[in-house]
Amino acid sequence: MRLKAVIFGAPGSGKGTYASRLKARLDVDVIAMGDIFREMMKEDTELGKKVKGYVEKGLLVPDDVVNDVLKERLAKVPRGKGFILDGYPRTVEQADTMEKIAKIDVVILLMVPDWIIVERLSTRRICRNCGNVYNIRFLKPKVEGVCDKCGGQLYQRPDDTPEVIKKRLQLYEEQTQPIVQIFRERKVPFVVAMCDKLDMPPETVVETIVKDLQKLKLA
Ligand SMILES: [Zn+2]
């Protein structure tokens, strides 16, 4: 049994947290495109240099490069092990190419009301060094202001204000809807995880997802 999933969730939906918990719970690889790009840019490979070139110029990495990066990463998933894709596909073209690269058997969709996201984002802190995300209410680091993983300094994004967050959510919705629609049209099963309480523990959401995956015989 090999899970091949895509996870969608708005910025601030807790997607990263859920993905890493699912990784431990289901023993799958989480393929987060954002992290991969960050890592690649530190490496001196042909593809890494290409990615760096675009990012440094403030340009979006073109679809064909993103697709190559994905192919390379998928090839590293151990045999018999599943994966969850995070941050891909982002465009209709990527969604089309993806079908040729890997057949996705489930879409995990996180549904979190805007007010919860606004509340959460204004309390989140990010590691300057490794990008790990904390929350001063729900996901506190062991030492205040210090990353548990790497000891880096935690900071608050200056654009984590309610107005900017709401705009970001709207943009996310506009960009993601067409992609989600493609998976619906392809009749890929959906696991919809609802988080409608501010203090809902991540384990609760994760267990709901796992149960639904089990019903689909994917976990
Ligand atoms: Zn860190």
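If you count only protein heavy atoms with a 1.4 Å probe, what accessible area per residue comes out for the chain, rounded to a whole Å²?
On a per-residue basis, the chain sits at 57 Å².
Rounded to whole Hz and in sequence order, give me ³J(HN,Hα) for region 185-193 from the Karplus expression 6.51 cos²θ - 1.76 cosθ + 1.60, θ = phi - 60°, writing x for Gly and Pro.
5, 7, 6, 6, x, 10, 10, 9, 9
Would you kindly derive the ³J(HN,Hα) couplings of region 20-33 from the backbone phi angles with the Karplus curve 6.51 cos²θ - 1.76 cosθ + 1.60 (θ = phi - 60°), listing them in order in whole Hz, with x for Gly and Pro?
In residue order, the calculated couplings are 6, 6, 5, 4, 5, 5, 10, 6, 10, 7, 9, 9, 9, 4 Hz.
Hey, how many Å between the Cα centroid of region 130-173 and the Cα centroid of region 46-113?
24 Å
Let me know the Kirkwood hydrodynamic radius for the chain, please, with Cα pairs as the basis and the value in Å to one decimal.
Roughly 18.3 Å, rounded to one decimal.
Provide the packing ranking of 17-29, 169-181, i.e. peptides ordered by the mean count of other C-beta atoms within 10 Å per residue, highest first. List each step's numbers first, then the result.
Numbers: 17-29: 18.2, 169-181: 13.6.
Peptide ranking by packing, descending: 17-29, 169-181.
Regarding region 1-59, what whole-number volume in Å³ per residue does the convex hull of its Cα atoms give? Don't skip to the answer; put the middle values down first.
Working: hull volume 7.1 nm³, N = 59.
Cα-based convex hull of region 1-59, divided per residue, equals 120 Å³.
On average over all directions, what projected area in square nanometres does region 34-101 have, based on the convex hull of its Cα atoms?
On the way: hull surface 19.3 nm².
So the Cα hull casts an average projection of 4.8 nm².
Using the Cα atoms of region 123-216 to build a convex hull, what is its mean projected area in square nanometres?
Working: hull surface 32.2 nm².
With every direction weighted equally, the projected area is 8.0 nm².
Spelling out what I want: for every residue of region 64-75, take phi, set θ = phi - 60°, compute 6.51 cos²θ - 1.76 cosθ + 1.60 (Karplus), and round to whole Hz; glycine and proline get x.
My calculation for region 64-75 gives 5, 6, 4, 5, 4, 4, 4, 4, 4, 5, 5, 5 Hz in order.
Quick check: residue separation of ARG25 and GLU185 times 0.36 nm, minus the Cα distance between them. What number comes out in nm?
Roughly 54.7 nm would be gained on extension.
What order do PHE190, PHE183 take when sorted by accessible area (1.4 Å probe), most exposed first?
Values: PHE190 45, PHE183 5 Å².
My answer, sorted largest first, is PHE190, PHE183.
Please list, ordered by chain and number, the residues whose modelled amide H lies under 5 Å from the amide H of ARG125; skip anything fewer than 5 residues away on the same chain.
The list, which skips near neighbours in sequence, is TYR134, ASN135, ILE136.
The values are calculated or read from the model by the stated rules, or taken from the named source; none is laboratory data. Computed from a predicted model, the values in this text were never measured in an experiment. Positions of Cβ are backbone-derived with ideal geometry, glycine not excepted, and every protein chain shown enters the neighbour counts. Please note that ligands, DNA and RNA were not included when accessible areas were found on the heavy atoms of the full protein model with its side chains. Shrake-Rupley method; radii C 1.70, N 1.55, O 1.52, S 1.80 Å.
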